[in-house]
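Let me begin by presenting the structure, written as structure tokens, before commenting on it.
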Amino acid sequence: SDISLFRTVDILGSKFFVKGIEFVLNIPGEFNVQNALCAISTCRALGVPYEIIKEALLDVKIPGRVELVNLKDLLVMVDYAHNGVSLENLLTSLAHQKLLLKKQPSQEVLLTALKVLLQIILLLLELH
């Protein structure tokens, strides 16, 4: 196969190889890599060289798609996962990430994060 397995670099992006060429995507997740592979295939069918595709993928930023927003002491990820499959893909992707804290979050920040997490769990339970 011309496509090697992707490997996620970190929460900020993914790295994968096509025909031995390394591609970097600045949004994480296997689902985003799959979308990028479709775009690469389409561009190649249209005759676009790999190097141009590689450069273009580096610039991909989609507002609301795994977008990190810094709110004071809380880093929030905004994503428009609009159905159960989308939300499951996002959460599966994030489950494999290691998050490093620069400092110990305050009790208020932890409580807010816990409330958000509980809301997500309740939403997932409703979807199943």
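The values are calculated or read from the model by the stated rules, or taken from the named source; none is laboratory data. Fair warning: this is a prediction, and the values are worked out from it, not measured in the lab. When we count neighbours, we look across all protein chains shown, and the Cβ atoms used for this are built from the backbone with ideal geometry, even at glycine. Surface accessibility is based on the protein's heavy atoms, side chains included, excluding ligands, DNA and RNA. Shrake-Rupley method; radii C 1.70, N 1.55, O 1.52, S 1.80 Å.
Enumerate the calculated ³J(HN,Hα) couplings along the range 44-60 in order (Karplus 6.51 cos²θ - 1.76 cosθ + 1.60, θ = phi - 60°), each rounded to whole Hz, writing x wherever the residue is Gly or Pro.
With the stated coefficients, the range 44-60 comes to 5, 5, 8, x, 6, x, 4, 4, 5, 4, 4, 5, 5, 5, 4, 8, 5 Hz.
Between S106 and I62, how high is the FRET efficiency from 1/(1 + (r/R0)^6) when r is the Cβ-Cβ distance and R₀ = 30 Å? Nearest 0.05.
Efficiency, from the Cβ-Cβ distance: 0.45.
Take the Cβ-Cβ distance between T92 and L125 as r, set R0 to 22 Å, and report the resulting FRET efficiency rounded to the nearest 0.05.
The calculated FRET efficiency here is 0.85.
Computing the accessible area with a 1.4 Å probe over protein heavy atoms, can you report the carbon and sulfur percentage for the range 15-71?
Reported share for carbon and sulfur atoms: 59 percent.
Give me the distance in nm between label points sitting 7 Å out from Cα along the Cα-to-Cβ direction at L118 and S41, one decimal.
4.4
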